[in-house]
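The structure under discussion appears below in the form of structure tokens.
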Amino acid sequence: SLLACGICQGSAQMDITSLTGVVGQQSLLVIENAPEDVQEYSWHRGANDTEENLIISYNATSHSQQKGPMYSGRESVISTGALLIEESRLNDTGNYTVRAAAINDTQRATGWLEVQEFETPGISVNTSIVLEDVDSVAAICHTNNTEVQWYVAHTLVSSSERTAISPDTKTLIIKRVKNYDSPLQCGVKIVLGTVIQRSELIYLTMAYGPSYVMILSEPRNDNGILPAEIGSQVEMVCVFNGAPESKYRWIHNGSLLSFSEKNITLPSLTWDQMGRYRCIVENNLTHLTLYKEVQVQRPRVCTWRRHLFRDPTPDPLHHRKRSADLGESRYRSLWAQGGTPAGDWDSKTSTNLRKGGRTRRGRDQPATGLSGVIWANK
């Protein structure tokens, strides 16, 4: 901890006030009652303003700074003439003198800065591995300070529905811990309550899931079907949401495979590698187990064909009109079922068959299994 105090040289005279001072923090030596027309501020280490103990000077007109023999690399002068010391140290304790040179006057002031180191509070938790939305965690801040502040995920918190702070403010309890309730940290107020000294950060390990499992693959699988040709490369990756990293098991056609990685690569697919693959994900902390399956098989190819023996006008409706113009009144259509003519129908019936219907001329003729249509003049 740091404690800073100033020595006033007179109510009507310029003086110095130290506003902050913490080891590792900034210390600011502020000038009060300075002349309005100051041209230059110069800060010195000690009780006098000799050139030998000059730290740094600041030209208020050009806004330039000149470093002196006592400059440590941590000092600077801001526009108001105040001296800013970065990362204050215990040996920064002592007298500081400022000289303010105005157009018609030059004034001096000396102040004492005392730097003290305060103890950093400690922090501990009853457990660092918790089940999300199930477990509670208790954190204790180890300090003699009676004004402790608590931070969850770097945000200052107070007692609420899920958090409770003890009357002495040294204990924090979080109920039904969420995955965003980390890290934890406590802090205490020092130097007249203007500075917060914080403890180290405590990170919690959240255990949750899995709530779903997916198998990503190349080639891509659709609704659990992974089409692949013999000799091609197949890749499968098992993914899930949860923590910590879970254990993987793979089963192929009912047989447990000998490895436990999340991915499988088949460089050259064989017949023996075809079939059903199941990825099982098991979280030992949450005791939850889920699995997903894909079927590796050859791509399905549609083999039906439609053969058309072309009349000069293959469209039956257009053909009907053209034949009517030629005085022809009837057509014969032969539907081949398995390559064999299935019977004689007129053109209207043939159109119905092409739409998948049924017709009857002496007997019922099914619409399934038809592989072609022949249009011809009778």
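Taken per residue, the accessible surface of the range 122-203 reaches 53 Å², heavy atoms only and a 1.4 Å probe. Taking a 30 Å limit on the Cα-Cα distance, which of the listed pairs K178/K292; K175/K247; K170/K247 fall beyond it? Exceeds cut-off: K170/K247. Rolling a 1.4 Å probe across the protein heavy atoms gives the range 208-297 an accessible surface of 57 Å² per residue. Taking all protein chains in place and a 1.4 Å probe, what share, in percent, of the accessible surface of the range 208-297 do carbon and sulfur account for? Here carbon and sulfur together make up 49 percent of the probe-accessible area.
Restricting the range 210-310 to chymotrypsin sites (Phe, Trp or Tyr not before Pro) that sit in a DSSP loop and have at most 15 other Cβ atoms within 10 Å of their own Cβ leaves Y212, F259, W304. Measuring nothing but protein heavy atoms, the accessible surface of the range 15-116 at 1.4 Å probe radius is 45 percent carbon and sulfur. When only Cα pairs below 8 angstrom with a gap of at least 6 residues are kept, the range 15-116 shows a relative contact order of 33 percent.
For the range 218-248, GluC sites (Glu not before Pro) are listed when DSSP marks them as loop and at most 11 other Cβ atoms sit within 10 Å of their Cβ; the list is E229, E245.
Can you give the net charge of the other residues whose Cβ lies under 13 Å from the Cβ of N91, counting K and R as +1 and D and E as -1?
Its environment carries a net charge of -1.
Per residue, the average separation of C-alpha pairs within less than 8 Å and at least 6 apart gives the range 122-203 a relative contact order of 33 percent. Distances between placed amide hydrogens fall under 5 Å for I123 paired with H142, E200, all partners being 5 or more residues away or on another chain.
Please give the net charge around V239, taking every other residue with its beta carbon less than 12 angstrom from that of V239, where Lys and Arg add +1 and Asp and Glu add -1. So the surrounding residues net to +1.
Of the GluC sites (Glu not before Pro) found in the range 24-61, those in coil by DSSP whose Cβ has at most 10 other Cβ atoms within 10 Å are E36.
The values are calculated or read from the model by the stated rules, or taken from the named source; none is laboratory data. Predicted, not measured: the structure shown is a model, and the values here were computed from it. Cβ coordinates were reconstructed from backbone atoms using ideal geometry, including for glycine residues, and neighbour counts include every protein chain displayed. For accessibility, only protein heavy atoms count, side chains too; no ligands or nucleic acids. Shrake-Rupley method; radii C 1.70, N 1.55, O 1.52, S 1.80 Å.
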